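Notes to accompany the following structure.
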Amino acid sequence: MTAAAARAAHATGPGTATPSKPSPKPARPAKKSRRKPDPIKLWTGRLARQRPGLVRFTLEALAERYGHQPWVRRLDPTSELILTILTQNSADTNAEKAFEALRAAYPSGLPVERHNPGPGWGGDGLADGAPTDWMAVEIAPFEELVEVIRPGGLPNQKAKGILATLRLIRERRGDHSLEFLGEMPALEARDWLTSIPGIGKKTASVLLAFSFGLPLMAVDRHVDRVAHRVGLLPAKASADDAHDYFLAMLEPDEMYEAHVNLIRHGRVICHARNPEHERCPLIDRCRFVNPKAP
Ligand code: SF4
């Protein structure tokens, strides 16, 4: 035993020496919680780096071909909503027939309204007529309503959707008017509408853009197809996601015209089958035609 050890043993007495406790390990710094990167920000950044100017090129080329599109109110918002429900999975011309039948079967005494279909609309435009009496529709017998809207296609499904939508609006608001939505910020108004079962971002955006000029982009199958083909959207982005990609890519005052001209382009040139590439003003930058297009 060394002298120092002997002194220590003596001071504590025999058998009482306790091994010194190991000092506690220093606490590890808390791991920083890593947020998943926002896929929309990632995409828009990548698009700007790898294909600079593509968004502006697309908008300008389409405006040159189809013209600039000043906003005009198409219909009152409740009529716009019901008309949009009637267009789901149906041609716009058939939705028009069903909507005109609704107006004839359940007329209101309100002043005649003009339909301003604009170039993005695929039908002939509604005849002038007073808005429908939505309360009369809501209390109509289900089978009767189904017969009235039958020309629009899928009448059972759409009658259910229309009745549930009208009931919910009245329960929340006391009547069927949706004019209050025009006073709300665009995304809050969209959230209000999409909280109604069966109303998605597309229907909500159509209503808010066409009835109030709110800066929202409605993505229907034409817009979705053209945008994917050109490469404005990631290949895996769903049509639902595409709404928010467009909100990040476009300036608020570009959305209405972008919607109208992309729809028009999808209808007249970039068809689902046999797109007419040779007539297309986007061909030089279209990834569908050339996977390496700039
Ligand atoms: S080049 Fe063809 S695929 Fe591309 S946007 Fe034009 S029509 Fe559509």
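Phi angles across the stretch 183-190 convert, under the Karplus curve 6.51 cos²θ - 1.76 cosθ + 1.60 with θ = phi - 60°, into 3J(HN,Hα) values of 8, 9, x, 3, 6, 5, 5, 5 Hz, Gly and Pro given as x. Ranking Ile139, Gly129, Leu42 by Cα position along the charge dipole of the chain, where only Lys, Arg, Asp and Glu carry charges on their C-beta atoms, puts Leu42 farthest toward the positive end. Relative contact order of the stretch 213-286, taken over Cα pairs closer than 8 Å and 6 or more residues apart, is 41 percent. Overall shape: prolate for the stretch 167-282, with the ratio a/c of the largest to smallest alpha carbon gyration tensor axis at 1.5 or above and a/b above b/c.
What is the order of Ile196, Ile149, Ile169, Ile139, fewest Cβ neighbours within 10 Å to most? Neighbour counts put them in this order, fewest first: Ile139, Ile196, Ile169, Ile149.
Once you sort the root eigenvalues of the Cα gyration tensor of the stretch 117-180 as a ≥ b ≥ c, which label holds: rounded (a/c under 1.5), prolate (a/b larger than b/c) or oblate (the other case)? Oblate. Across the stretch 77-212, Cα pairs under 8 Å and at least six residues apart give a relative contact order of 28 percent.
Scanning residues 5 or more positions from Glu113 or on other chains, those with amide H under 5 Å from its amide H are Gly129, Ala130, with H placed 1.01 Å from N in the peptide plane.
Database remark: amide H of Leu178 closer than 5 angstrom to the amide H of Thr78 (H placed geometrically; neighbours at sequence offset of 5 or more, or on other chains; Pro and chain starts carry no H). Peptides 207-213, 92-98, 47-53 ranked from most to least packed give 207-213, 92-98, 47-53, packing being the mean of other C-beta atoms within 10 angstrom over each peptide's residues.
Think of each Lys and Arg Cβ as +1 and each Asp and Glu Cβ as -1; about the Cα centre, that makes the dipole of the chain roughly 2700 debye. With the cut-off at 26 Å, report for the chain the share of all Cα pairs above it, as a whole percent. Percent of Cα pairs beyond 26 Å in the chain: 54.
Here the Karplus curve 6.51 cos²θ - 1.76 cosθ + 1.60, taken at θ = phi - 60°, turns the phi angles of the stretch 252-257 into couplings of x, 7, 9, 5, 4, 5 Hz, with x standing for Gly and Pro. Divide the volume of the convex hull around the Cα atoms of the stretch 77-212 by the residue count and you get 101 Å³ per residue. Modelled label positions at Ala136 and Glu171, each set 7 Å beyond Cα in the direction of Cβ, lie 2.5 nm from each other.
Once the C-beta distance of Arg279 and Val146 is scaled by a Förster radius of 35 Å, the resulting FRET efficiency is 0.25 to the nearest 0.05. Taking a ≥ b ≥ c as the square roots of the eigenvalues of the Cα gyration tensor, an a/c ratio of 1.5 or more together with a/b no larger than b/c marks the stretch 67-109 as oblate. The dipole here belongs to the stretch 77-212: it is taken about the Cα centre, uses +1 on the Cβ of Lys and Arg and -1 on the Cβ of Asp and Glu, and is about 380 debye. Projecting label points 7 angstrom from Cα along Cα→Cβ for Asp38 and Ser108 puts them 3.8 nm apart.
Taken together, the values in this text are just the output of simple stated rules run on the coordinates, not laboratory data. As the structure is a computational prediction, the values presented were derived from the model and not from experiment. Glycine gets a Cβ as well: all are built from the backbone with ideal geometry, and neighbour counts include every protein chain shown.
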